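Below is one structure, written out as structure tokens; the observations come after it.
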Amino acid sequence: MSNFGKAIIAIIILLLLWGGIVYFRRGPIEQDLTAHVRAALDSPEFSNVAVFFDGREGTLSGSVDSQDLKEEAEKLSHEYWGVRSIDNQLEVAAVSKSEVPAPETAILKGFQLGNKFVLTGNVPNDVTRSFLVQQAEEAFGNGNVADQLSIRTGIRMPTGFNDNYAAFLGPGRSTAAGFTIENGVFKLKNTVPSELASYFQEEEKSAKLASVEDKTGLNFAPVGSEIASSHEDLQRQLNEFFKLNVIEFHTASAALTEDSKKTLDKAAGMLTRFPEKRVEVQGHTDAIGQPDVNMQLSDSRAYTVFQYLIEKGVGADRLLAKGYGDGQPIADNRTKEGRQRNRRVVFQVQ
């Protein structure tokens with residue numbers, strides 16, 4: 001046999017050996033990739049997702065409840081370094097809203113307290129929790145983020161949260177003390193809730209609250225400083241005033257009527273006579289329409305009143321706006337008169 005023929009045979013043998021090594025190595029690689037991707041998708045919303053790997057090429061099959069979840073599953077699958085490609089064959093389940101209720105929106109708070117940034121509330125999974133903490137540490141520094149978050153399956157983050165969170169953590173954060181998410185709405189806040197003061201040890205509280213005030217120009221609402229007589233006096237005056245004066249909005253909107261603005265001008269004057277008092281502005285609706293729409297509308301109307309009172313000189317640190325939807329009726333929603341009474345704004349002294 002010629003030297004050329006021997007060389008060809010040697011090359012063929014080497015190729016066969018290399019192919020055998022690759023072939024027998026595929027098993028452990030596929031098992032490793034499958035295990036890591038399954039771990040990344042270990043949450044209730046991906047319970048119907050199956051993972052298969054042929055070498056480093058993965059396939060997702062099964063079903064999810066929305067297009068967003070389909071895209072998220074593919075994104076999470078790609079995050080492990082050894083994955084070369086993902087063939088996303090997931091189907092979006094065609095389930096009517098009446099059969100499966102929409103998941104609740106996460107309720108979150110994030111506030112800067114002195115040199116610390118505190119995250120409280122509920123998130124759907126550990127992936128989201130890690131994301132929130134990591135992003136906050138990049139903005140405030142390692143060791144300066146207090147993670148008080150809890151995992152609650154079955155809830156979801158609101159639409160556009162990542163963009164809003166990134167904007168808050170950016171250069172503009174110096175103009176806001178923190179943020180809240182309630183009823184699916186991301187809102188910047190310029191006051192720190194009183195309940196977060198308990199995060200500090202008693203001996204550190206005074207110094208750190210002063211640090212926050214010096215740094216941001218913000219104040220904590222005083223805890224336990226209310227005088228019972230003045231508290232009751234302001235609440236009584238507000239109750240009597242709103243028995244005769246109604247705050248009204250244009251139909252199906254959060255825009256105040258001109259008469260309501262005049263009413264709020266008088267209410268603002270009452271509040272300025274009690275500068276130490278904090279008041280929750282509560283929005284309520286009747287039971288006509290979808291509950292989630294009513295909740296959003298009540299929240300928007302409460303926030304409109306909140307903003308108007310600030311414009312009239314009431315300190316923002318004294319006010320809290322919150323919508324209660326149709327969940328606290330004071331009259332029968334089956335009658336026109338009852339529905340009219342249920343569509344209201346309430347001032348509750350804290």
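The values are calculated or read from the model by the stated rules, or taken from the named source; none is laboratory data. Worth saying up front: this structure is predicted, and the values here are computed from it rather than measured. Heads up, the Cβs are rebuilt from the backbone with ideal geometry, glycines too, and the neighbour counts pull from every protein chain shown.
Below, the figures for the structure above:
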| item | result |
| --- | --- |
| Selection from the range 281-319 of residues that are touching a Ser or Thr at 6+ places or on another chain (Cβ under 6 Å) and acidic (Asp, Glu) | ASP317 |
| Within the range 225-263, considering residues that are surrounded by 11 or more Cβ atoms within 10 Å (Cβ to Cβ), hydroxyl-bearing (Ser, Thr, Tyr) and not in a helix (DSSP H, G or I), the one modelled with the highest pLDDT | THR257 |
| Residue in the range 88-105 that is in contact (Cβ under 8 Å) with a residue 24 or more places away in the chain and within 19 Å of LEU188 (Cα to Cα) present | yes |
| Residue list for the range 42-84, restricted to those being more than 21 Å from ARG152 (Cα to Cα) and either among the acidic types (Asp, Glu) or in the same structural domain as THR153 (by TED's automatic domain parsing) (or both) | ASP54, GLU57, GLU71, GLU74, GLU79 |
| Qualifying positions in the range 308-343 - out of contact with any strand residue (DSSP E or B) (no Cβ under 9 Å at 6 or more places or on another chain) and in a loop (DSSP other than H, G, I, E, B) | LYS312, GLY313, GLY315, ALA331, ASP332, ASN333, ARG334, THR335 |
